[in-house]
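The values are calculated or read from the model by the stated rules, or taken from the named source; none is laboratory data. Source: prediction; values computed, not measured. Cβ coordinates were reconstructed from backbone atoms using ideal geometry, including for glycine residues, and neighbour counts include every protein chain displayed.
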Amino acid sequence: MSIEIEHVNKRFGHFVAVDNVSLSLPAGQLTALLGPSGSGKTTLLRIIAGLEHADSGRIRFHGEDATDVHVSRRGVGFVFQHYALFKHMTVFDNVAYGLTVKPRRLRPGKAEIRRRVMELLELVQLDWTAHRLPSQLSGGQRQRIALARALAVEPKVLLLDEPFGALDAQVRAELRRWLRRLHDDIHLTTVFVTHDQEEALEVSDRIVVMNQGRVEQEGTPEAVYDHPVNPFVFSFLGQVNLFHARVQDGQARIGDLALPMAAPDHQPEGDGLAYVRPHDIEILAEDDGQGALAAVIQGITVVGPTARLELKVAGGKDLIHAELPKTQLAPLGLSPGMKTWVRPVNSRVFVGHRNQN
Ligand code: ATP
């Protein structure tokens, strides 16, 4: 079921938590609401759920106005970061709960409840835990049970608010891959709140980047990562290096160095900042005469297959960061203290922006 959000506003006192948000979330897709703390993601999710009422604007599910429909009638399932399972109920009873509290005429029979619960426990690969108590499960397993419980009432929309936020990094990474596979199986329209850009990039079909209650950009993970529309989105989606740059006659330059630009069309002219990702900085052991900035390597850190370099560019005040496969360190003979040349191979210049540092 698609979700349409039209000009939704929400204030708490004078504080604007959601500022005129309009979005169309396609049916069957997993959409991440991504943004820093306080950007309004949870408030927007709660408005979609019907747990919070917007001051103005409409919410439609598959074209039908749901703005004033009570949460219990919206057909939504939730999982929150600290989703409290009932401690004294078994896993089976927790998952069955939503079915057993249905009005009598809608309540499935005992055998049907049993069949559905076991099917869901198999779906989340925890059927062997049916008779355990939540306290006998790990945090990651509990969140999978919370998901099974949310799915038990056959929601048309699944809403997840930082569901893996309280778990450690490794379990979190496993669970997000698991969620992606689960979504590929069941294709339920899902909205997922996260402040973790890696999680959003890895898991979702679409990303909505939020900041200060507004939508900065929405699109596929590739589109928002490769073609960020403004400095906020560029910086929020990954590490960046900033260089003073000038755009003139359709050419961007850092000093004398001509820059290839990711989005040369419609580029306004003037002074601004070039944004360059660490993996878009090429390191040269020798000056090849084709334009590069002289730099000295300050430090090298190897993390898994990747080498991260910190470099001081001649005349620049901030250190810059570059990333390359660690297998290239030896052929280039790179080591700390060495003089090298760096060349941005992809960049985006935002004219009119100044470095805050
Ligand atoms: P986080 O990741 O920290 O939860 P978020 O992007 O989900 O952030 P929201 O939880 O939607 O942000 O909150 C947006 C802003 O609205 C915050 O500054 C928060 O303090 C404020 N806010 C949220 N709920 C209420 C409330 N019930 N009363 C007053 N202020 C609120």
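Structural remarks
- Sole exception among (1) in a loop (DSSP other than H, G, I, E, B); (2) modelled with pLDDT under 90 for Arg132, by number: (2)
- Scan the range 78-94 for residues that are under 21 Å from Leu167 (Cα atoms) and either free of Cβ contacts under 8 Å to residues at least 12 places away in the same chain or surrounded by 19 or more Cβ atoms within 10 Å (Cβ to Cβ) (or both) and the total you get is 7.
- Residue that is modelled with the lowest pLDDT, among those in the range 100-109 that are within 40 Å of the chain's Cα centre (by Cα) and not in a loop (DSSP other than H, G, I, E, B): Leu106
- Residue within the range 59-67 that is small (Gly, Ala, Ser), buried (at least 20 other Cβ atoms within 10 Å of the Cβ) and part of a loop (DSSP other than H, G, I, E, B) present: yes
- Residue within the range 202-213 that is in contact (Cβ under 8 Å) with a residue 40 or more places away in the chain, at positive phi and among the polar types (S, T, N, Q) present: yes
- In the set (1) in contact (Cβ under 8 Å) with a residue 40 or more places away in the chain; (2) within 27 Å of the chain's Cα centre (by Cα); (3) buried (at least 18 other Cβ atoms within 10 Å of the Cβ), Leu120 fails one condition alone, (1).
- Filter pass, Leu147 being within 30 Å of Glu6 (Cβ to Cβ), part of a helix (DSSP H, G or I) and of a type outside the set (Asp, Glu): yes
- Val224 in the same structural domain as Thr31 (by TED's automatic domain parsing), modelled with pLDDT of 90 or more and touching a strand residue (DSSP E or B) at 6+ places or on another chain (Cβ under 7 Å): yes
- Hits in the range 235-252 - residues which are under 16 Å from Val345 (Cβ atoms) and aromatic (Phe, Trp, Tyr): Phe243
- Some residue of the range 9-24 being more than 10 Å from the ligand (Cβ to nearest atom), more than 27 Å from Gln141 (Cβ to Cβ), in a loop (DSSP other than H, G, I, E, B) and of a type in the set (Gly, Ala, Ser): no
- Just one of the listed residues (Gln143, Gln125) is in the same structural domain as Tyr97 (by TED's automatic domain parsing) and surrounded by fewer than 16 Cβ atoms within 10 Å (Cβ to Cβ), and it is Gln125.
- Checking each residue in the range 30-51 for being more than 6 Å from the ligand (Cβ to nearest atom), in a loop (DSSP other than H, G, I, E, B) and touching a Leu at 6+ places or on another chain (Cβ under 9 Å) picks out only Leu51.
- For the range 150-168, taking the residues that are over 22 Å from the mean Cα position of the chain (by Cα) and part of a helix (DSSP H, G or I), the one that is farthest from Pro26 (Cα to Cα) is identified as Ala152.
- If you check Glu198, Glu174, Glu216 for being within 16 Å of the ligand (Cβ to nearest atom), exposed (fewer than 15 other Cβ atoms within 10 Å of the Cβ) and either farther than 22 Å from Ile5 by Cα or of a type outside the set (A, V, I, L, M) (or both), only one passes: Glu198.
- Those helices (runs of 4 or more DSSP H) of the range 187-256 in which 2 or more residues are among the aliphatic types (A, V, I, L, M) occupy 197-203, 221-226.
- Here Met1 meets each of (1) of a type in the set (A, V, I, L, M, F, W, C); (2) in contact (Cβ under 8 Å) with a residue 60 or more places away in the chain; (3) within 12 Å of the ligand (Cβ to nearest atom); (4) not in a strand (DSSP E or B) with one exception, condition (3).
- Of the residues making up the range 46-58, those that are surrounded by 22 or more Cβ atoms within 10 Å (Cβ to Cβ) and under 23 Å from Ile186 (Cα atoms) number 1.
- Given (1) more than 16 Å from the ligand (Cβ to nearest atom); (2) on the phi < 0 side of the Ramachandran plot; (3) under 26 Å from the mean Cα position of the chain (by Cα), number of the condition Tyr97 does not satisfy: (3)
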